[in-house]
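*Asks:* Dumping the structure here so I can ask a few things about it.
Each reported figure results from applying straightforward, stated rules to the coordinates on display, with no laboratory input. What you are looking at is a predicted structure, and each value in this text was computed from that prediction instead of being measured. Positions of Cβ are generated from backbone atoms using ideal geometry, with glycine treated the same way; all protein chains shown enter the neighbour counts.
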Amino acid sequence: MLEAENVCFTLDGKPLIKEINLSFRPGVLYGILGPNGSGKSTLLKNLSGIWTPTDGTVKWNGKPLLTRSRKEISSTISLVPQNPQVHFDFSVEEMVRMGRYPFGSKHCEKETEEALRTVDAWHLRGRSILRLSHGERKRVYIARAMITESPVLLLDEPEASLDIRHQLEIWILLRKLVEKNKTIIVTNHDLGATQRFCDEIAVLNHGVCVDHGKYKNVMTDQCLLNVFGVIESSNSRSMAFDPPTNLNLTQHSPRQKLLEKH
């Protein structure tokens, strides 16, 4: 089990997350919600060991994560970043195979093909990673995370830059990985997809975890208003912003669902 105990992180004197206490169990898909700048990406970087908490501890199976070697951490936790940055001219296939390096195995042709086919990127295998669109690059990074076979998978806004079909395919893939007893933590802005696919959620605001648990118990009208500044109609499921008093705005049109039932 992955745990955050009183985790705080400060950068350049500014606290980004404060006293986060969360536990993440195997076989559960967690959604981390919150407005921009609420600390979602910072939390993932602390959970993955990329950043060291200013205070508090991240634990894996009851022991501090950072007491493990970098190789051990890499084989335990895989992070798919929000904006993958690549500066070398690797092919897609080479990039995915790098996911096996913590295990000391470069001979993983079968696993590489399976992962790339799963994210609909096998046809890109010979292309340079530098010549892919942002959405294509995101799918390749998800494939690389898959072949690590690490028990914990962290994804920072995996839907970003993906078209509707690939968004749905990624969510379905994550559900299948959860069925294999993986711990999956996803930051996201799509409330509808989070409600549909995630087992539990945590809501961050100004670096603080304001609530966590089942979506229906956490995402109340009051939470929507306090955290996101919107009001949702229970009948039409449309959303309206709660605008500043100096703006002459009334109500937004109904929010269209991106994902249809499959």
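*Asks:* Here are a few candidate values for log10 I(q)/I(0) by the Debye sum over Cα atoms at q = 0.07 Å⁻¹: [x] -0.26; [y] -0.23; [z] -0.41. Which one was actually calculated from the structure I just gave you?
*Replies:* Answer label, from the structure shown: [x].
*Asks:* With a sphere of radius 11 Å drawn around the Cβ of Lys59, what net charge do the other residues whose Cβ falls strictly inside it have (Lys, Arg +1; Asp, Glu -1)?
*Replies:* Working: positive: Lys63, Arg68; negative: Glu3, Glu5.
Result for the local shell: 0.
*Asks:* Now for a separate question. Quick one: putting +1 on the C-beta of Lys and Arg, -1 on the C-beta of Asp and Glu, what dipole do you get for the chain around its Cα centre, in Debye to the nearest 20? Walk me through the intermediate numbers first.
*Replies:* Working: 34 positive and 30 negative charges, 108 e Å.
Around 520 debye, computed over the chain.
*Asks:* So how far, in whole Å, is the C-alpha centre of region 120-170 from the one of region 12-61?
*Replies:* Cα centroid to Cα centroid, the span is 22 Å.
*Asks:* For Leu79, enumerate residues with amide H under 5 Å from its amide H, sequence gap 5+ or separate chain, H modeled in the peptide plane.
*Replies:* Leu154
*Asks:* Taking region 84-180, which trypsin sites (Lys or Arg not before Pro) meet the DSSP loop condition and have no more than 14 other C-beta atoms within 10 Å? Show your work: numbers first, answer last.
*Replies:* Numbers: sites: Arg97, Arg100, Lys106, Lys110, Arg117, Arg125, Arg127, Arg131, Arg137, Lys138, Arg139, Arg144, Arg165, Arg175, Lys176, Lys180; in loops: Lys106, Arg125, Arg127, Lys180.
Qualifying residues, ordered by number: Lys106, Lys180.
*Asks:* Still on this model: Return a whole-number percent for the relative contact order of the chain, with Cα pairs under 8 Å and 6 or more residues apart as the contact set. The partial results should precede the final answer.
*Replies:* Details: 478 pairs, mean separation 62.3, N = 262.
In percent, rounded to a whole number, it is 24.
*Asks:* Test of understanding: ordering Thr10, Thr118, Thr220 by Cβ neighbours within 10 Å, fewest first, what list do you get?
*Replies:* Values: Thr10 15, Thr118 19, Thr220 12.
Taking fewest neighbouring Cβ atoms as first place, the list is Thr220, Thr10, Thr118.
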